[in-house]
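The values are calculated or read from the model by the stated rules, or taken from the named source; none is laboratory data. In this text the structure is predicted, and so the values were computed from the model without any measurement. Every residue, glycine as well, gets a Cβ built from its backbone with ideal geometry; the counts of neighbours run over all protein chains shown. Accessible surface is based on the protein model in full, side chains and every heavy atom, while ligands, DNA and RNA are left aside. Shrake-Rupley method; radii C 1.70, N 1.55, O 1.52, S 1.80 Å.
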Amino acid sequence: MEDKRMNRQKAKLTQIEVCNTALSMYHSGLVAGTWGNISGRVDDEYMVITPSGMDYERLAAEDMVIINMHTLAYEGNLKPSVEAVVHASIYLDRPEVNGIMHTHSTYALTVATARKPIPPVCDDQVQILGGEVRLAAYTMPGTKEMAEEVVGALKERAGALIANHGAITVGRTLTEAYVGSQVLEKAAMVYINSQSIGGPVEISQEDIDFFHDFFLNKYGQR
Ligand SMILES: [Zn+2]
């Protein structure tokens, strides 16, 4: 794959970032075994994604696969994650997204197996993820159908559930997507737990809009 437009330096830095975040994700308990995948955007043409069936104990930055988002052609000997088509479709739909994390975390998967969304119940959930966490319909992993379902469920959100499969989060940075995965997992747990005390009270749309705007535009240091 020869393309003068690819920024080699940026691609290398993205490989390092994806590898480091994959290790953090593994140690956080959000994934088990070789499951889950992470990617980072290089530019409008290329992304870097974790390899298929990766062994988290032996991850090296150079094993993170550089792949063309339009053609899914990739460099090197390692095959990209089978869910690369889902990541590519999200980057093409969302120019502001620079990082994506996909997990099969326990509580998110519990809600996803019930085929329910996570209503807007936690403050940090609505700030970071933008409100209710929608459910993408059940489809075969790594198919165009799954990509379309996930892109639809993510509209104006930074997180979605995938029926009987797991969760996916996006961010302006990969770190933001990682925080989103942790917040989504916690919101799923809180939602389940709250059923035992009469069910949660949802946050109003007005408050959701205020908090999400605050997170996107005013939060943090300048
Ligand atoms: Zn998956």
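What part of the accessible area of region 8-217, given as a whole %, is carbon or sulfur when the probe is 1.4 angstrom?
Of all accessible area on region 8-217, carbon and sulfur atoms account for 54 percent.
As an exercise, take the mean of 1/r over every pair of distinct alpha carbons in region 16-57, invert it, and state the Kirkwood radius in angstroms.
10.8
Considering only the other residues whose Cβ falls under 10 Å of the Cβ of residue 139, what net charge follows from Lys and Arg at +1 and Asp and Glu at -1?
-2
So, for region 8-217, what is the accessible surface per residue at a probe of 1.4 Å, expressed in square angstrom?
45
I need the phi-derived Karplus couplings for region 79-86: 6.51 cos²θ - 1.76 cosθ + 1.60, θ = phi - 60°, integer Hz, Gly and Pro marked x.
With the stated coefficients, region 79-86 comes to 6, x, 3, 5, 8, 4, 5, 5 Hz.
Between helix 8-28 and the chain, what is the angle of the helix's C-alpha long axis to the longest principal axis, kept within 0 to 90° and rounded to the nearest 10?
So the helix axis and the longest Cα principal axis differ by about 40 degrees.
Helix 174-194 against the longest principal axis of the chain: what's the angle in degrees, Cα atoms only, rounded to the nearest 10?
Taking Cα atoms only, the helix is inclined about 30 degrees.
About its Cα centre, what dipole magnitude does region 71-222 give when the only charges are +1 on Lys and Arg Cβ and -1 on Asp and Glu Cβ, stated in debye to the nearest 20?
Result for region 71-222 is approximately 300 debye, rounded to the nearest 20.
Under 5 Å between amide H atoms, partner at least 5 residues away or on a different chain: which partners does residue 171 have, H built in plane at 1.01 Å?
Placed amide hydrogens put 98, 99, 177 under 5 Å from residue 171.
Per residue, how much space in cubic angstrom lies within the convex hull of the C-alpha atoms of the chain?
Value for the chain: 119 Å³ per residue.
GluC sites (Glu not before Pro) within region 141-184: which are DSSP loop residues with at most 11 other Cβ atoms inside 10 Å?
Filter output for region 141-184: 156.
Using label points projected 7 Å from each Cα along Cα→Cβ, tell me how many nm separate residue 62 and residue 82, to one decimal.
2.9
Taking +1 at the Cβ of each Lys and Arg and -1 at the Cβ of each Asp and Glu, which of 160, 197, 68 sits farthest along the dipole of the chain towards its positive end, judged by Cα position relative to the Cα centre?
68
Could you calculate the FRET efficiency of residue 73 with residue 190 from 1/(1 + (r/R0)^6), where r is the beta carbon distance between them and R0 is 35 Å, rounded to 0.05?
Computed FRET efficiency for residue 73 and residue 190 comes out at 0.25.
What do you get for GluC sites (Glu not before Pro) in region 1-79 restricted to DSSP loop and a cutoff of at most 10 other Cβ within 10 Å of the site's Cβ?
Sites meeting the loop and neighbour criteria: 2.
Which FRET efficiency value, to the nearest 0.05, is calculated for residue 206 and residue 116 with the Förster distance at 22 angstrom and r the Cβ-Cβ distance?
The computed FRET efficiency comes out at 0.40.
Specify the angular offset, from 0 to 90 degrees and rounded to the nearest 10, of the alpha carbon long axis of helix 205-217 from the longest principal axis of the alpha carbons in the chain.
30
Does region 137-222 come out rounded, prolate or oblate, given a ≥ b ≥ c as the square roots of the eigenvalues of its C-alpha gyration tensor, rounded meaning a/c under 1.5 and, failing that, prolate meaning a/b above b/c?
In terms of gyration-tensor shape, oblate.
Which whole-number percent gives the relative contact order of the chain, counting Cα pairs below 8 Å spaced six or more residues apart?
Across the chain, relative contact order equals 19 percent.
Taking +1 at the Cβ of each Lys and Arg and -1 at the Cβ of each Asp and Glu, which of 217, 84, 42 sits farthest along the dipole of region 8-217 towards its positive end, judged by Cα position relative to the Cα centre?
Value: 84.
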